[in-house]
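J.: This structure is in structure tokens; I'll ask about it shortly.
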Amino acid sequence: MNLTTHDKITVRKAETSRLNQVDFNNLIFGKDFSDHMFECDYIDGAWQNPVIRPYGPLTISPAAKVFHYGQAVFEGMKAYKDDNGKVFLFRPDQNHARINKSSVRMAIPEFPKDIFFEALHKLIDLDRDWVKSGLGNSLYIRPFVIATEAGVSASASSEYKFMILLSPVNAYYTGDVKVVIAEQYSRSANGGVGAAKAAGNYGAQFFPTNLAKEKGFQQVIWTDANEHKYLEEAGTMNVFFRINDSLFTAPTGDRILDGITRKSVIALAKKDGIEVEERPVLVSEVVEAAKNGTLKEIFGAGTAAVISPVSTFSYREEVFELPSTAGGYSAKFKKDLMDIQYNLSEDPFGWRYEI
Ligand SMILES: *Cc1c(COP(=O)(O)O)cnc(C)c1O
């Protein structure tokens, strides 16, 4: 497999910018896209023809395998601008490693690191005005790969398209998140694809999540598929539980997405001397802690919302309210992470990456 390319990225600039058609103060998450996008094809066993061109539709065969077998993976990352106009990514090497890990699981060829980074640099630099400064504003970056070979035989595609889209977003206010602990449906199983950012994982969650929404909740906290005994993830976030002053989160493995926010929270907690245990977390121990008052916080961790505190959870028709999170760990980790992302603090771990 050819993991490097000597092709230069071709750049075709948009004739006019759509910047002034966008209301940057009232963005709907993931609805607007910047002027340009990146595209690179895998044909004849090699990634080739890397190009940045105006954002717009694709022409793809209706027989392309992605439409029939869901052979597709994606990533989610963000670019942040400080008050001096400098633009930063947060641990982008991790996203590159992860899209390749997801790809391997989905029998998709890995994408070369050099083109991944060159594409990010060139694309973000070209659409730099789409990154707005101000805490909470960012440019959401969506790399993804789809199987493009035409043919409905159920086997891995021989052709793929790797793309990067950019979408300006405001702070992601989740408000009070109410979650349902899953008792029937599952998002992943041992030996499955839960650890991959594979497109189908998300499509499969919409139906059970809609059932939770009908009951007035926003998200499902997924439990292990075998017994529904262990708490695993919330929607597109990893999930942390604070009992007394210790944090608990499920260990990564087949069923858990290895989140970059998750591992950053763990590193920050350890630096602050907060005890963190990565181990299977029982539903029963969290319910017990909620009943005896030792459950202080539950929060989700992921790129889109950074940290998302849970106010309420339901389990077996019982509803549990959590204490107010003001002054809790969740607010602290959110601030610490955003201070690093927006170049407002030191970066002791070397997580910032300037574009
Ligand atoms: C993307 C994702 C996360 C969060 O990962 P980050 O790298 O922190 O953005 C967590 N769980 C699932 C299922 C995800 O898809």
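J.: Output the residue which, of all residues in the stretch 169-222 that are of a type in the set (S, T, N, Q) and open to solvent by less than 40 Å² (accessible area, probe 1.4 Å), is nearest to the ligand (Cβ to nearest atom). Reasoning before the result, please.
T.: Taking the stretch 169-222 first, the residues of a type in the set (S, T, N, Q) are 170, 174, 184, 186, 188, 190, 201, 205, 209-210, 218-219.
Those still in the list that are open to solvent by less than 40 Å² (accessible area, probe 1.4 Å) too: 170, 188, 201, 205, 209.
Numbers: N170: 17, S188: 8, N201: 7, Q205: 9, T209: 12 Å.
Among residues in the stretch 169-222 that are of a type in the set (S, T, N, Q) and open to solvent by less than 40 Å² (accessible area, probe 1.4 Å), the one nearest to the ligand (Cβ to nearest atom) is N201.
J.: Which pairs have Cβ atoms under 9 Å, sit 6 or more apart or on different chains, and link a residue in the stretch 191-213 that is not assigned by TED's automatic domain parsing to the domain that holds A147 to one that is part of a helix (DSSP H, G or I) and among the aliphatic types (A, V, I, L, M)?
T.: A196/V104; K197/I99; A199/V66
J.: Looking at the structure I just gave you, is I99 touching a Cys at 6+ places or on another chain (Cβ under 7 Å) and either modelled with pLDDT of 95 or more or within 23 Å of Y202 (Cα to Cα) (or both)?
T.: On the way: touching a Cys at 6+ places or on another chain (Cβ under 7 Å): no; either modelled with pLDDT of 95 or more or within 23 Å of Y202 (Cα to Cα) (or both): yes.
Answer is no for this residue.
J.: Give, as residue ranges, the strands (runs of 3 or more DSSP E) completely inside the stretch 281-354 that count at least 3 residues that are within 16 Å of the ligand (Cβ to nearest atom) and closer than 26 Å to G216 by Cα. If you could, list the steps in order and put the result at the bottom.
T.: Numbers: elements: 295-302, 306-315, 318-321, 352-354.
Here the list reads 295-302, 306-315.
J.: In addition: Among the residues of the stretch 100-112, which ones are under 25 Å from K8 (Cβ atoms) and touching a residue at least 40 places away in the same chain (Cβ under 8 Å)?
T.: We begin by selecting, within the stretch 100-112, every residue under 25 Å from K8 (Cβ atoms); these are 100, 103, 108-112.
The answer is S103, I108, P109, E110, F111, P112.
J.: Here's something else I'd like to know. Please tell me if F38 is out of contact with any Ser or Thr (no Cβ under 7 Å at 6 or more places or on another chain) and within 14 Å of the ligand (Cβ to nearest atom).
T.: no
J.: Does at least one position in the stretch 265-278 carry a residue that is under 23 Å from F217 (Cα atoms), modelled with pLDDT of 95 or more and either within 16 Å of the ligand (Cβ to nearest atom) or loosely packed, with under 15 Cβ neighbours inside 10 Å (or both)? Talk me through it step by step, then tell me what you get.
T.: Taking the stretch 265-278 as the starting set, the residues that turn out to be under 23 Å from F217 (Cα atoms) are none.
For the stretch 265-278, residues under 23 Å from F217 (Cα atoms), modelled with pLDDT of 95 or more and either within 16 Å of the ligand (Cβ to nearest atom) or loosely packed, with under 15 Cβ neighbours inside 10 Å (or both): absent.
J.: Against the condition of a type in the set (A, V, I, L, M, F, W, C), touching a residue at least 12 places away in the same chain (Cβ under 8 Å), touching a Phe, Trp or Tyr at 6+ places or on another chain (Cβ under 9 Å) and closer than 28 Å to V169 by Cβ, how does I340 come out, does it pass?
T.: Numbers: of a type in the set (A, V, I, L, M, F, W, C): yes; touching a residue at least 12 places away in the same chain (Cβ under 8 Å): yes; touching a Phe, Trp or Tyr at 6+ places or on another chain (Cβ under 9 Å): yes; closer than 28 Å to V169 by Cβ: yes.
Criteria met by I340.
Quick grid of which residues meet (1) closer than 30 Å to H228 by Cβ; (2) touching a Ser or Thr at 6+ places or on another chain (Cβ under 9 Å); (3) open to solvent by 40 Å² or more (accessible area, probe 1.4 Å):
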position	(1), (2), (3)
K291	yes, no, yes
A301	yes, yes, no
V310	yes, yes, no
F313	yes, no, no
Y353	no, no, yes
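J.: Taking the conditions exactly as written (away from the ligand (no atom under 16 Å from the Cβ) and either in contact (Cβ under 8 Å) with a residue 60 or more places away in the chain or farther than 22 Å from A204 by Cα (or both)), does R242 satisfy them or not? Don't jump to the end; show me each part of the working.
T.: Working: away from the ligand (no atom under 16 Å from the Cβ): yes; either in contact (Cβ under 8 Å) with a residue 60 or more places away in the chain or farther than 22 Å from A204 by Cα (or both): yes.
Yes; evaluated as a whole, the condition is true for this residue.
J.: Within the stretch 15-34, is there a residue that is at pLDDT 95 or above and open to solvent by less than 10 Å² (accessible area, probe 1.4 Å)?
T.: yes
J.: How many residues, within the stretch 66-116, are part of a loop (DSSP other than H, G, I, E, B), within 15 Å of the ligand (Cβ to nearest atom) and open to solvent by less than 10 Å² (accessible area, probe 1.4 Å)?
T.: Summing the residues that are part of a loop (DSSP other than H, G, I, E, B), within 15 Å of the ligand (Cβ to nearest atom) and open to solvent by less than 10 Å² (accessible area, probe 1.4 Å) in the stretch 66-116 gives 2.
J.: Note down all Cβ pairs under 7 Å where the first residue falls in the stretch 83-99 and is closer than 12 Å to K197 by Cβ, the second is within 12 Å of the ligand (Cβ to nearest atom) and among the charged types (D, E, K, R), and they're at least six residues apart or on different chains.
T.: N95/E75; R98/E75; R98/K197; R98/D258; I99/E75
J.: I want to confirm something. Restricting to the stretch 128-162 and keeping residues that are assigned to a loop (DSSP other than H, G, I, E, B) and aliphatic (A, V, I, L, M), which single residue is least open to solvent (accessible area, probe 1.4 Å)?
T.: Step one: of the stretch 128-162, the residues assigned to a loop (DSSP other than H, G, I, E, B) are 131-132, 134-137, 148-149, 151-159.
Imposing the further condition that a residue be aliphatic (A, V, I, L, M) reduces the set to 131, 135, 152, 154, 156.
Details: V131: 2, L135: 110, V152: 84, A154: 87, A156: 56 Å².
Ranking the qualifying residues of the stretch 128-162, first place goes to V131.
J.: In this structure, is V276 touching a residue at least 24 places away in the same chain (Cβ under 8 Å), under 20 Å from K296 (Cβ atoms), in contact with a Lys or Arg (Cβ under 8 Å, 6 or more places away or on another chain) and of a type outside the set (K, R)?
T.: Details: touching a residue at least 24 places away in the same chain (Cβ under 8 Å): yes; under 20 Å from K296 (Cβ atoms): yes; in contact with a Lys or Arg (Cβ under 8 Å, 6 or more places away or on another chain): yes; of a type outside the set (K, R): yes.
It is true that V276 is touching a residue at least 24 places away in the same chain (Cβ under 8 Å), under 20 Å from K296 (Cβ atoms), in contact with a Lys or Arg (Cβ under 8 Å, 6 or more places away or on another chain) and of a type outside the set (K, R).
The values are calculated or read from the model by the stated rules, or taken from the named source; none is laboratory data. Computed from a predicted model, the values in this text were never measured in an experiment. Cβ atoms come from the backbone with ideal geometry, glycine included; neighbour counts cover every protein chain shown. Just so you know, the surface numbers come from the protein's heavy atoms only, side chains and all, with ligands and any DNA or RNA stripped out. Shrake-Rupley method; radii C 1.70, N 1.55, O 1.52, S 1.80 Å.
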